[in-house]
Amino acid sequence: MATKPLPTAPPSTPPSGPSTRPSRRGAWRRRSRSSRRGQPGIDGRESYAARVTLEDVRAIRRLRGTNGTGDAEGVNGEGARIAKLARWLAPFFDLKEAPIVKDAEGRRLFISEGTEAARMMIQRCEATSSPTTESAPSDTTSDSATNEIYRPPVQLLSILAKPAPFFDPPTCLLADLEKRGFANQHTPPPFHIIIGDEEALSEIVGFPVARGAMACGVVPAQSNAYAWLERLLSTQTATRPRRLLALDAASNAANVGSILRTAAALGIDAVILSDDCCDAWYRQSVRVSLGHVVNVPTIRVAEWERGLPSAENSEEGDGREGKAGGLVRVLQWLRARNVECLAAVVNDAHDANLPPLAALETYRVPDGKSWCCVLGNEGNGLRNEVVRACDRRLRIGMAGGVDSLSLPMAAGILIYGLAQKQTQHLESTC
């Protein structure tokens, strides 16, 4: 039986119309492909961009093994390029062994992991400063400028990325560079860009790299936390009360990062950290926050105390505070400025020595009043002296058989519950 021949596709024809000029992104990509064939640099942007291979990383490790005094010229005759890569990549080496990274000048650096975090750093980075120039906080007292004191532009030093997330959709970090005007040769970004495959990146950081990009920047310095917090509270209004969060001895960096992400999503104005709380800028915290650590001002109690006026600084506590004394003092200071301080607790037992107990389901912060929700350690909860420094205790109602929640989960429920009721009431009275 005869069979019907399969249809054949029509011959392709070139598209009609005038040719278009290649985009800057195309130029980056063409140079990227040629770089894979051994040509260093990316499209003439060698002053701030480079590719790195596994062989390069091994050469850098040999150089680092001699404390930088080795002969880099012996590496394929590319000593200057290897030395440059060694400087640019220095903060990324062996991250698993270095919870806190510092540069040659002694400045604390942060490392963010993941393409979305890298995108956020590009969007928030300083546009005019070089990677070695520190930014000064604003002295203005307007509400928006006040918030920028602890939400300054990110001082980004470098981006380390795989080729696909940097060049190709849907991630395409290069598109974010273009939006900031950093994609052409005449306006270089104020940070370095290093492109390498997964094998090279894993050899650099010291563990398998599954994420597409990493970023390194300078941890923002707190110039005067006391003055900033006082200014923040002075700008509150009946329709815009301030919402704060305080953490008492939270010891898990992943939990702190998750809380910061939640705080950014739910409009928290600042997060206050006790002196024995883990660092918000630890790599794990920055990673879990998806980079939102740069969007929520964090205030360490010791930084706040350094800004105290001499009259307040000379006052002594009642001797009961112990290690929590600094946070107790901050809470007392907030209450004196009409901020409702709420201690998140699990135990609902009556105790005459502690503030009154309220249920989140029924409690609403008084009209137009700012508030600070205080959460404790993952295992031990709030210290009694911290609870006593608050206006009231606040408890989340739970079904029988469940007596607690994870710290990030509890923080999200408490912040949302307090903010939602306050917002709904304000809208109903307008």
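Amide hydrogen proximity for residue 393: with H placed 1.01 Å from N in the peptide plane, the residues at 5 or more positions away or on another chain lying under 5 Å are 343, 357, 358. Our coupling estimate for the stretch 56-65, obtained by passing each phi through the Karplus curve with A = 6.51, B = -1.76, C = 1.60 and θ = phi - 60°, is 4, 4, 5, 5, 5, 4, 5, 5, 5, x Hz, Gly and Pro reported as x. Taking all protein chains as they are arranged and a probe of 1.4 Å, the heavy atoms of residue 409 leave approximately 100 Å² accessible to solvent. Projected label points at residue 384 and residue 276, each 7 Å from Cα along the beta carbon direction, are separated by 1.5 nanometres. The HN-Hα couplings worked out from phi for the stretch 369-379 by the Karplus form 6.51 cos²θ - 1.76 cosθ + 1.60 (θ = phi - 60°) are 9, 6, 9, 9, 8, 10, 10, x, 5, 4, x Hz, whole numbers, x standing for Gly and Pro. Between the amide H of residue 182 and any residue lying 5 or more places away or on another chain, no distance stays under 5 Å, with hydrogens modeled in the peptide plane. Taking trypsin sites (Lys or Arg not before Pro) across the stretch 347-430, the ones in a DSSP loop with at most 16 further Cβ atoms lying within 10 angstrom of their Cβ are 364, 369.
Assuming a ≥ b ≥ c are the square roots of the Cα gyration tensor eigenvalues, decide whether the stretch 226-375 counts as rounded (a/c under 1.5), prolate (otherwise, with a/b larger than b/c) or oblate. It is rounded, given that a/c, with a ≥ b ≥ c, falls under 1.5.
For the stretch 282-421, with all protein chains in place and a probe radius of 1.4 Å, 47% of the accessible heavy-atom surface sits on carbon or sulfur.
If you take every residue apart from residue 362 with its C-beta less than 14 Å away from the C-beta of residue 362, what net charge results, scoring Lys and Arg +1 and Asp and Glu -1? Around residue 362, the charge tally is +3. For residue 209, the shell of other residues with beta-carbons less than 15 Å away shows a net charge of -1, using +1 for Lys and Arg and -1 for Asp and Glu. Spin-label pair residue 405-residue 210: with each label point 7 Å from Cα along the Cα-Cβ axis, the two points sit 2.7 nm from one another. Per residue, the stretch 169-278 exposes 35 Å² of solvent-accessible protein surface, assessed with a 1.4 angstrom probe and all protein chains in place.
Using a cut-off of 30 Å between alpha-carbon atoms, which lysines can reach residue 162, once sequence neighbours fewer than 8 places away in the same chain are excluded? By straight Cα distance, residue 162 reaches 84, 96, 102, 179.
Here the Karplus relation 6.51 cos²θ - 1.76 cosθ + 1.60, evaluated at θ = phi - 60°, turns the backbone of the stretch 283-291 into coupling constants of 4, 5, 5, 4, 5, 5, 6, 6, x Hz, with x for every Gly and Pro. With the simple spin-label model, which puts each label point 7 Å out from Cα in the Cβ direction, the residue 347 to residue 230 separation comes to 3.7 nm.
What is the gain in length, in nm to one decimal, between residue 80 and residue 332 on full extension, counting 0.36 nm per residue of separation less the C-alpha to C-alpha distance?
Length difference between fully extended and current span is 85.0 nm.
Out of the DSSP beta bridges found with both residues in the stretch 147-279, what percent are antiparallel (nearest 5)?
45 percent
Structural descriptor for the stretch 201-283: relative contact order 29 percent, calculated from alpha carbon pairs under 8 angstrom and at least 6 residues apart.
The values are calculated or read from the model by the stated rules, or taken from the named source; none is laboratory data. Given the structure is predicted, the values throughout are model-derived calculations rather than measurements. Glycine gets a Cβ as well: all are built from the backbone with ideal geometry, and neighbour counts include every protein chain shown. All accessible areas refer to the heavy atoms of the entire protein, side chains included, with ligands and DNA or RNA removed. Shrake-Rupley method; radii C 1.70, N 1.55, O 1.52, S 1.80 Å.
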